[in-house]
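J.: I have a structure I would like to understand better, so I am pasting it below and will then ask my questions one at a time.
The values are calculated or read from the model by the stated rules, or taken from the named source; none is laboratory data. Given the structure is predicted, the values throughout are model-derived calculations rather than measurements. Cβ placement follows ideal geometry from the backbone for every residue including glycine, while neighbour counts extend to all protein chains displayed.
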C-alpha cells in the first residue's frame, strides 16, 4: 500500500495568531487594552502638568516681556509670600468648601427621595431631570444666573413683597451659581450609594426602636459617607479651578482661576506657579479622602 500523504495543518492568519497569543497571556492582553488610553493620559495630562511645573521656574524679562528660561524659584516665592495671593487662595478654598457643603445638604434629601421614596418609573424620570441641566451649555446657565442675580432683576421682583433683595454680583453670587452648576455631580454619587443601601438595615434599626434621626445618624450616614465624599471630590475640585462663573457673576471678586487667567498674558511663569496652588489643594484633598473608600464610588 502506498504511503499516504498527510496534508500540513492550515496556516493561521496573522490576526488569529495574535488572538491566540493574547489568549494565552492575560497580562499582555491587558497591556494592549490599556496602551492607547494610558499613552493619552501620560502625554496629554501628565505631560501638560510637567510642562506647567517646568515653566513655573522660568521668569519674564522686565523690559522685553519675553520668557527667560533661567531656573529660579522667584515665582513660587512671590506666590507663597504675597498677601494678595494668600487672600485669593483662602477665598477660593472657602468658596469651594461652601459650594461642597451646600451641594451635600441639598443633594442628600433629593437623592434619598429618588432612591427610597418613589417608584422605579418615577425614579428614572427624576434621574433624567437631574441630568437635564448638564445638557445646557455652561455659559448659557451662567449668563442666565447673571440675569437672575442682577439688581432690579427677577430676585428683586420676587423678593420685594417680603423686603428681600438680590445679592447682586460678588462672592455670594459665585457660591450660588457654582452650587447650582455642580449639584448633579453630588446628587448622582449619593443616589447610587443610597440605592445600594440594604433595606434590611433600616428595618432592623426601626425594629430596635431607633428614631428616624438616630437611624440616619447611625446607619444611613456612615454607609453613604463614601458616596458623599466622592461627590465632594467633584464639586470641590471643579469649584477650585472655575473662573468663567467668577467673571460673569463675581463682580470684583478674585479667585485663583481669575488670577491665573489675568497673569497668562502678562506673566506666564507666574501664572504657572499660581496654577500649582489649586493642583496642590486637589491632591491634598484626594489624599485626605483616599482611605475612606470614597474614590471607589467615583
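J.: At least 1 residues that are modelled with pLDDT under 75 and over 30 Å from residue 229 (Cα atoms) in each: list the helices (runs of 4 or more DSSP H) lying fully within segment 1-109 that qualify.
T.: 14-24, 26-40
J.: For the structure I just gave you, tell me whether residue 241 is touching a helix residue (DSSP H, G or I) at 6+ places or on another chain (Cβ under 6 Å), without any contact (Cβ under 8 Å) to a residue 60 or more places away in the chain and under 15 Å from residue 93 (Cβ atoms).
T.: yes
J.: Further, regarding this structure: Within segment 149-158, identify whether any single residue is surrounded by fewer than 15 Cβ atoms within 10 Å (Cβ to Cβ) and within 24 Å of the chain's Cα centre (by Cα), and answer yes or no.
T.: No, segment 149-158 contains no residue that is surrounded by fewer than 15 Cβ atoms within 10 Å (Cβ to Cβ) and within 24 Å of the chain's Cα centre (by Cα).
J.: Starting from segment 77-93, take each residue that is exposed (fewer than 15 other Cβ atoms within 10 Å of the Cβ) and list its partners that are assigned to a helix (DSSP H, G or I) and at pLDDT 90 or above, counting only C-beta distances under 7 angstrom and pairs at least six apart or across chains.
T.: Hits for this filter: zero, empty list.
J.: Determine which member of the set 115, 173 is under 21 Å from residue 255 (Cβ atoms) and in contact with a helix residue (DSSP H, G or I) (Cβ under 6 Å, 6 or more places away or on another chain).
T.: 173
J.: Is it the case that segment 200-207 has a residue that's surrounded by fewer than 21 Cβ atoms within 10 Å (Cβ to Cβ), out of contact with any strand residue (DSSP E or B) (no Cβ under 7 Å at 6 or more places or on another chain) and part of a loop (DSSP other than H, G, I, E, B)?
T.: Among the residues of segment 200-207, not one is surrounded by fewer than 21 Cβ atoms within 10 Å (Cβ to Cβ), out of contact with any strand residue (DSSP E or B) (no Cβ under 7 Å at 6 or more places or on another chain) and part of a loop (DSSP other than H, G, I, E, B), which makes the answer no.
J.: Would you pick out the residues in segment 61-89 that are touching a helix residue (DSSP H, G or I) at 6+ places or on another chain (Cβ under 6 Å) and over 11 Å from residue 272 (Cβ atoms)?
T.: Listed by number, the residues that qualify are 85, 88, 89.
J.: Restricting to segment 232-287, and then to whatever is part of a loop (DSSP other than H, G, I, E, B) and within 16 Å of the chain's Cα centre (by Cα), can you tell me which residue is surrounded by the fewest Cβ atoms within 10 Å (Cβ to Cβ)?
T.: Only one residue fits best here, namely 243.
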